[in-house]
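Enquirer: This is the structure, below, for whatever I ask next.
Bear in mind that the values in this text are calculations on the coordinates, not laboratory data. Here the structure is a predicted model, which means the values were calculated and not measured. Reconstructed Cβ throughout: ideal geometry from the backbone, glycine too, with neighbour counts over all protein chains shown.
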């Protein structure tokens, strides 16, 4: 594995960890009844869409191509 792949995998791991933390925060908000299940679902959709966009960006940045 080369340095570009190493950097990509580290960046992806960080992005995955950030997503996990954000999803846990949404679950905590739902569990505390500060947001409704519908609001939680909408928030999760947004988080996942942003995560996918970030994954694509990291791939382009570290590995090139589309």
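Enquirer: Name the one entry in 39, 49, 17, 30 that is loosely packed, with under 15 Cβ neighbours inside 10 Å, touching a helix residue (DSSP H, G or I) at 6+ places or on another chain (Cβ under 9 Å), without any contact (Cβ under 8 Å) to a residue 24 or more places away in the chain and in a helix (DSSP H, G or I).
Expert: Values: 49 fails: touching a helix residue (DSSP H, G or I) at 6+ places or on another chain (Cβ under 9 Å); 17 fails: touching a helix residue (DSSP H, G or I) at 6+ places or on another chain (Cβ under 9 Å); 30 fails: loosely packed, with under 15 Cβ neighbours inside 10 Å.
None of the others qualify; the one that does is 39.
Enquirer: Continuing with this model, one more query. Among the residues of the stretch 1-14, which ones are surrounded by 10 or more Cβ atoms within 10 Å (Cβ to Cβ) and without any contact (Cβ under 8 Å) to a residue 12 or more places away in the chain? Spell out how you get there, then give the answer.
Expert: Going residue by residue through the stretch 1-14, those that are surrounded by 10 or more Cβ atoms within 10 Å (Cβ to Cβ) are 4-14.
Selection gives 6, 9, 10, 13, 14.
Enquirer: I need a count of the residues in the stretch 53-66 that are surrounded by fewer than 12 Cβ atoms within 10 Å (Cβ to Cβ) and part of a helix (DSSP H, G or I).
Expert: Initially, the stretch 53-66 is screened for residues surrounded by fewer than 12 Cβ atoms within 10 Å (Cβ to Cβ), giving 53, 56, 60, 63-66.
Among the residues that remain, those that are also part of a helix (DSSP H, G or I) are: 53, 56, 60, 63.
Number of matching residues: 4.
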